[in-house]
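The values are calculated or read from the model by the stated rules, or taken from the named source; none is laboratory data. In this text the structure is predicted, and so the values were computed from the model without any measurement. Cβ coordinates were reconstructed from backbone atoms using ideal geometry, including for glycine residues, and neighbour counts include every protein chain displayed. Heads up: the accessible areas ignore ligands, DNA and RNA and are worked out on the full protein's heavy atoms, side chains in. Shrake-Rupley method; radii C 1.70, N 1.55, O 1.52, S 1.80 Å.
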Amino acid sequence: PNVKAFFKQKPDAKKMSTDSKGRIYAIADGRGKSYSGTGQHMLINKAWLDKLGLQVPTTWDELENVLKAFKTQDPNGNGQADEIPMNIKKLDSYFSWYSPMLLLNSTGIVTGFNKGVSEYGFYAKNGVVKSFLTSDEYKEVVKYYHKLISEGLIPAEWATKDDDAYNADQISDGKTAKTGVVFGWSPTDNFGKLKDQYIAMPVPSAPGVSPDQTVWDGSSSELSPAGLSISSHAANKDAALKLANLLYSEKYSVQQFLGSFGKAITKTGEHEYTVDNDKLSQLTGDNQYPGLSELLVGWIPDEATIKGDTHADELIEVNKVYEEQRSHFDPVKDYIPDYVNMDNMDPSDATKLNTNNAEIFNTTMQKTATWMSKGGIDEEWDAYCKQLDSIGLQESTKIWQKWYDTYTK
């Protein structure tokens, strides 16, 4: 019954859980409406802007000028040229969380880097699936990054810096900020004790793109496809189903998410729960975080309110910055919904996509990193596009179009 209620309140969860023949092999999970916005944000040091008398940049040219000021005008006030104007993550095997390619939104291409098809380089425009890997917009973003890197506004070693070093740049010593702009979850999550210096900013528009054409990542952090499965050979299936029903109840979903009642969270009213953040901080500091967080196997319904969930509260706050840009596109026609994924398509198509992806990204990531750092994209672009087509890009595009149409029409 609780799963039935989940699917009724969240139709996307049912689509995410159901394959093309109507079968359910795994049930999605949901951590509550507070997480319905994207987890992808562009964060800027507002204290630095204020000190230098600058405004939040709204175009790429303005962003470049702000980054130059961050580099040359000692905004952290320590008398050293140690500022990192903009820090970006190295490219992985595929596009993932906090990808530098979030700047594609500046050009009008809607990304979805929480999960989904953007991970493999695809997007939708008016119901047509396309690859951004060979798009003019992708080329434009790469060239812009090369300009910033060549001007010393992004670290020259960005492509080889491991995550620990990248994160250390943001935390710094907890007193003096070193980083101006990053892509991340929130000021607290990315900057710790320096959080009060940072705000989320709308993505600046690319040249020739108007503000009402500029968009932002369409992902949602609420639902995940990695939920519950039950063996068809379970010895006592009735008992297993009863357990599943309890897992998807409000009472046990909240406790999965933040811990058993009495540790750091208590029930304080009908559909109301309150977090003791002092206890939660103490437990977290002792490596005893009491819950499963987003790894819960359950569903927190819309009527439930969790007071003191600072992670959610801050996410809601930073997402407000993107409400306008996220209103500039149709959430189905101009974005490939998160429920369109390889888990729900025929295995033969999924296998073909995986095979193509391996070859495509072996080429794409190496080329992109080189072009961003050293340039040369204009000379190699046509050959690169032909190479991707020869190793399956057009075939993959047709497969994604087929399954996009299946699940959205």
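What is the number of the single condition among (1) surrounded by 14 or more Cβ atoms within 10 Å (Cβ to Cβ); (2) more than 28 Å from P100 (Cα to Cα) that L49 does not meet?
Status for L49: all satisfied but (2).
Which of the following residues is in contact with a Gly (Cβ under 7 Å, 6 or more places away or on another chain) and on the phi > 0 side of the Ramachandran plot: G192, G152, G127?
After applying the criteria, what remains is G192.
Could you check how many residues of segment 321-351 are modelled with pLDDT under 95, open to solvent by 70 Å² or more (accessible area, probe 1.4 Å) and in contact with a strand residue (DSSP E or B) (Cβ under 8 Å, 6 or more places away or on another chain)?
Adding up the residues that qualify gives 1.
What about V110, is it open to solvent by less than 10 Å² (accessible area, probe 1.4 Å), modelled with pLDDT of 95 or more and within 30 Å of I336 (Cα to Cα)? Even if it seems obvious, please write down each step before you answer.
Details: open to solvent by less than 10 Å² (accessible area, probe 1.4 Å): yes; modelled with pLDDT of 95 or more: yes; within 30 Å of I336 (Cα to Cα): yes.
Yes.
So, in segment 218-229, exactly how many residues are part of a loop (DSSP other than H, G, I, E, B) and closer than 12 Å to G116 by Cα?
Residues of segment 218-229 that are part of a loop (DSSP other than H, G, I, E, B), as a first pass: 218-222, 229.
Those left that are additionally closer than 12 Å to G116 by Cα: 218-221.
Qualifying residue count for the region: 4.
Name the single residue, out of those in segment 1-39 being at pLDDT 95 or above and among the polar types (S, T, N, Q), that is least open to solvent (accessible area, probe 1.4 Å).
N2
Restricting attention to segment 120-130, report how many residues are surrounded by fewer than 22 Cβ atoms within 10 Å (Cβ to Cβ) and either under 21 Å from M42 (Cβ atoms) or more than 14 Å from the chain's Cα centre (by Cα) (or both).
Matching residues across segment 120-130 total 6.
Please go through segment 170-189 and pick out each residue that is open to solvent by 20 Å² or more (accessible area, probe 1.4 Å) and part of a helix (DSSP H, G or I).
Scanning segment 170-189 gives I171, T188, D189.
Among residues belonging to segment 60-75 that are open to solvent by 50 Å² or more (accessible area, probe 1.4 Å) and touching a residue at least 12 places away in the same chain (Cβ under 8 Å), point out the one that is farthest from Q325 (Cα to Cα).
Going through segment 60-75, the residues open to solvent by 50 Å² or more (accessible area, probe 1.4 Å) turn out to be 61-62, 65, 68, 71-73.
Remaining after also requiring touching a residue at least 12 places away in the same chain (Cβ under 8 Å): 61-62, 68, 71, 73.
On the way: D61: 19, E62: 18, K68: 26, K71: 29, Q73: 31 Å.
Among those residues, the one meeting the criterion is Q73.
Looking only at residues in segment 82-111 that are among the aliphatic types (A, V, I, L, M) and more than 22 Å from N167 (Cβ to Cβ), which one is farthest from the chain's Cα centre (by Cα)? I'd like the intermediate steps shown before the answer.
Initial filter on segment 82-111 (among the aliphatic types (A, V, I, L, M)): 84, 86, 88, 91, 101-104, 109-110.
When the remaining residues are screened for being more than 22 Å from N167 (Cβ to Cβ), the result is 104, 109-110.
Working: L104: 13, I109: 15, V110: 12 Å.
Of everything passing the filter in segment 82-111, I109 is farthest from the chain's Cα centre (by Cα).
Restricting attention to segment 131-140, and to residues there that are in contact (Cβ under 8 Å) with a residue 60 or more places away in the chain and either farther than 17 Å from S205 by Cβ or not acidic (D, E) (or both), which single residue is surrounded by the most Cβ atoms within 10 Å (Cβ to Cβ)? Write out each step before concluding.
Narrowing segment 131-140 to residues in contact (Cβ under 8 Å) with a residue 60 or more places away in the chain: 131, 133-134, 137, 139-140.
After this cut, where a residue has to be either farther than 17 Å from S205 by Cβ or not acidic (D, E) (or both) as well, the list is 131, 133-134, 139.
Working: S131: 22, L133: 24, T134: 21, K139: 18.
Looking at the filtered set, the residue picked out is L133.
Looking at segment 145-169 only, could you name the residues that are farther than 10 Å from I88 by Cα, open to solvent by 20 Å² or more (accessible area, probe 1.4 Å), in a loop (DSSP other than H, G, I, E, B) and hydrophobic (A, V, I, L, M, F, W, C)?
Matches in segment 145-169: A156 only.
Would you call L280 without any contact (Cβ under 8 Å) to a residue 60 or more places away in the chain and surrounded by 18 or more Cβ atoms within 10 Å (Cβ to Cβ)? Quick ask: steps written out before the conclusion?
On the way: without any contact (Cβ under 8 Å) to a residue 60 or more places away in the chain: yes; surrounded by 18 or more Cβ atoms within 10 Å (Cβ to Cβ): yes.
Judged against the criteria, L280 is a match.
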